[in-house]
(Lines give C-alpha, C1' and ligand atoms only; values in the text may rest on other atoms or scores of the structure.)
Protein backbone atom coordinates (compact mmCIF):
# COMPACT_ATOMS: atom_id res chain seq x y z
CA UNK A 1 0.00 0.00 0.00
CA UNK A 2 1.33 3.42 -0.95
CA UNK A 3 1.73 6.06 1.73
CA UNK A 4 0.27 9.54 1.51
CA UNK A 5 2.30 12.73 1.69
CA UNK A 6 1.81 16.23 3.00
CA UNK A 7 3.70 19.16 1.53
CA UNK A 8 5.07 21.77 3.91
CA UNK A 9 6.10 25.19 2.70
CA UNK A 10 8.21 27.43 4.93
CA UNK A 11 7.14 31.05 4.71
CA UNK A 12 7.16 34.53 6.21
CA UNK A 13 3.37 35.08 6.19
CA UNK A 14 1.28 31.90 6.43
CA UNK A 15 -2.08 33.64 6.06
CA UNK A 16 -0.99 35.53 2.92
CA UNK A 17 0.33 32.37 1.27
CA UNK A 18 -2.70 30.35 2.36
CA UNK A 19 -4.96 32.72 0.44
CA UNK A 20 -2.76 32.49 -2.63
CA UNK A 21 -2.50 28.68 -2.60
CA UNK A 22 -6.25 28.29 -2.03
CA UNK A 23 -6.73 30.26 -5.26
CA UNK A 24 -4.02 28.31 -7.07
CA UNK A 25 -5.18 24.82 -6.08
CA UNK A 26 -8.87 25.18 -5.22
CA UNK A 27 -8.00 24.02 -1.69
CA UNK A 28 -9.82 24.97 1.52
CA UNK A 29 -8.76 25.44 5.13
CA UNK A 30 -8.35 22.03 6.70
CA UNK A 31 -10.65 21.49 9.68
CA UNK A 32 -8.96 21.01 13.05
CA UNK A 33 -8.31 17.44 14.14
CA UNK A 34 -10.91 15.79 16.37
CA UNK A 35 -11.93 16.42 19.10
CA UNK A 36 -11.03 20.11 18.68
CA UNK A 37 -13.63 22.61 17.46
CA UNK A 38 -11.11 25.20 16.23
CA UNK A 39 -7.45 25.41 15.23
CA UNK A 40 -6.94 27.81 18.14
CA UNK A 41 -8.21 25.18 20.58
CA UNK A 42 -5.98 22.53 18.99
CA UNK A 43 -2.95 24.87 19.04
CA UNK A 44 -3.52 25.70 22.72
CA UNK A 45 -3.28 21.98 23.56
CA UNK A 46 0.49 22.07 22.93
CA UNK A 47 3.08 23.37 25.36
CA UNK A 48 4.52 25.98 23.00
CA UNK A 49 6.51 29.15 23.67
CA UNK A 50 4.38 32.22 24.41
CA UNK A 51 5.48 33.94 21.19
CA UNK A 52 4.20 31.09 18.97
CA UNK A 53 0.86 31.88 17.36
CA UNK A 54 -1.72 29.85 15.46
CA UNK A 55 -1.48 32.67 12.88
CA UNK A 56 2.07 31.49 12.13
CA UNK A 57 0.72 28.46 10.27
CA UNK A 58 -2.04 27.40 7.93
CA UNK A 59 -3.26 23.97 6.85
CA UNK A 60 -4.98 23.49 3.52
CA UNK A 61 -6.59 20.44 1.98
CA UNK A 62 -8.21 19.27 -1.21
CA UNK A 63 -11.97 19.52 -0.61
CA UNK A 64 -12.44 16.36 -2.72
CA UNK A 65 -9.84 14.43 -0.73
CA UNK A 66 -7.19 12.97 -3.06
CA UNK A 67 -4.66 15.83 -3.12
CA UNK A 68 -1.87 16.13 -0.55
CA UNK A 69 -2.37 18.45 2.41
CA UNK A 70 -0.41 21.69 2.21
CA UNK A 71 1.00 23.08 5.45
CA UNK A 72 2.38 26.62 5.56
CA UNK A 73 4.70 27.30 8.48
CA UNK A 74 6.30 30.61 9.43
CA UNK A 75 10.08 30.49 9.75
CA UNK A 76 12.43 33.31 10.79
CA UNK A 77 14.80 33.16 7.82
CA UNK A 78 13.87 34.40 4.32
CA UNK A 79 13.91 32.31 1.17
CA UNK A 80 17.35 32.75 -0.39
CA UNK A 81 17.75 30.19 -3.17
CA UNK A 82 15.76 28.23 -5.74
CA UNK A 83 13.31 25.65 -4.38
CA UNK A 84 14.58 22.07 -4.33
CA UNK A 85 10.98 20.91 -4.73
CA UNK A 86 8.26 22.83 -6.50
CA UNK A 87 4.58 22.37 -7.13
CA UNK A 88 3.11 21.85 -10.60
CA UNK A 89 -0.39 23.31 -10.84
CA UNK A 90 -2.12 21.17 -13.46
CA UNK A 91 -4.97 22.88 -15.31
CA UNK A 92 -7.74 20.36 -16.12
CA UNK A 93 -9.26 19.73 -19.51
CA UNK A 94 -8.20 18.35 -22.81
CA UNK A 95 -8.59 19.60 -26.37
CA UNK A 96 -6.25 21.08 -28.91
CA UNK A 97 -2.82 22.38 -27.91
CA UNK A 98 -4.16 25.92 -28.41
CA UNK A 99 -7.12 25.27 -26.09
CA UNK A 100 -4.84 23.78 -23.41
CA UNK A 101 -2.44 26.75 -23.71
CA UNK A 102 -5.36 29.20 -23.38
CA UNK A 103 -6.38 27.52 -20.09
CA UNK A 104 -2.78 27.63 -18.82
CA UNK A 105 -2.54 31.34 -19.67
CA UNK A 106 -5.90 32.07 -18.02
CA UNK A 107 -4.83 30.32 -14.80
CA UNK A 108 -1.50 32.16 -14.74
CA UNK A 109 -3.31 35.49 -15.21
CA UNK A 110 -5.63 34.60 -12.30
CA UNK A 111 -2.59 33.86 -10.14
CA UNK A 112 -0.89 37.13 -11.06
CA UNK A 113 -4.03 38.92 -9.85
CA UNK A 114 -3.79 36.86 -6.62
CA UNK A 115 -0.21 38.09 -5.99
CA UNK A 116 1.95 35.72 -8.02
CA UNK A 117 4.50 36.68 -10.66
CA UNK A 118 5.38 35.19 -14.01
CA UNK A 119 9.02 34.07 -14.14
CA UNK A 120 9.24 32.51 -17.61
CA UNK A 121 6.90 31.19 -20.30
CA UNK A 122 7.59 28.09 -22.34
CA UNK A 123 5.15 28.90 -25.12
CA UNK A 124 2.53 26.23 -25.59
CA UNK A 125 3.82 24.05 -22.76
CA UNK A 126 4.04 25.61 -19.27
CA UNK A 127 4.60 28.83 -17.33
CA UNK A 128 7.05 29.14 -14.45
CA UNK A 129 5.65 31.39 -11.74
CA UNK A 130 6.44 32.47 -8.19
CA UNK A 131 4.03 32.86 -5.29
CA UNK A 132 3.97 36.12 -3.27
CA UNK A 133 7.07 35.00 -1.30
CA UNK A 134 9.06 33.87 -4.35
CA UNK A 135 8.46 30.11 -4.19
CA UNK A 136 8.62 28.82 -7.77
CA UNK A 137 5.96 26.60 -9.29
CA UNK A 138 4.74 25.73 -12.77
CA UNK A 139 1.33 26.04 -14.40
CA UNK A 140 0.81 23.33 -17.02
CA UNK A 141 -1.91 21.23 -18.60
CA UNK A 142 -3.23 18.18 -16.81
CA UNK A 143 -1.47 14.95 -17.70
CA UNK A 144 -3.22 13.03 -20.49
CA UNK A 145 -3.96 10.15 -18.11
CA UNK A 146 -5.77 12.33 -15.55
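The values are calculated or read from the model by the stated rules, or taken from the named source; none is laboratory data. These numbers come from a predicted model, not from an experiment. Glycine gets a Cβ as well: all are built from the backbone with ideal geometry, and neighbour counts include every protein chain shown.
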- [ ] Go through segment 20-44 and give me each residue that's in contact (Cβ under 8 Å) with a residue 40 or more places away in the chain and farther than 11 Å from residue 72 by Cα.
- [x] 20, 23, 24, 25, 27
Open item on the list: If the requirement is being outside the structural domain of residue 14 (by TED's automatic domain parsing), out of contact with any strand residue (DSSP E or B) (no Cβ under 6 Å at 6 or more places or on another chain) and under 22 Å from residue 18 (Cα atoms), which of these qualifies: 130, 102, 106?
Closed with: 106
Task: Failed item, numbered, when residue 33 is tested on (1) more than 24 Å from residue 127 (Cα to Cα); (2) assigned to a helix (DSSP H, G or I) - done: (2)
TODO: Search segment 45-63 for residues being in contact (Cβ under 8 Å) with a residue 24 or more places away in the chain and more than 21 Å from residue 87 (Cα to Cα), and hand back the single one that is surrounded by the fewest Cβ atoms within 10 Å (Cβ to Cβ).
DONE: 55
Task: Residues within segment 68-102 that are surrounded by 13 or more Cβ atoms within 10 Å (Cβ to Cβ), in contact with a helix residue (DSSP H, G or I) (Cβ under 8 Å, 6 or more places away or on another chain) and farther than 18 Å from residue 118 by Cβ, tallied - done: 4
TODO: Scan 32, 49 and give me the residue that is at pLDDT below 95 and in contact with a helix residue (DSSP H, G or I) (Cβ under 6 Å, 6 or more places away or on another chain).
DONE: 32
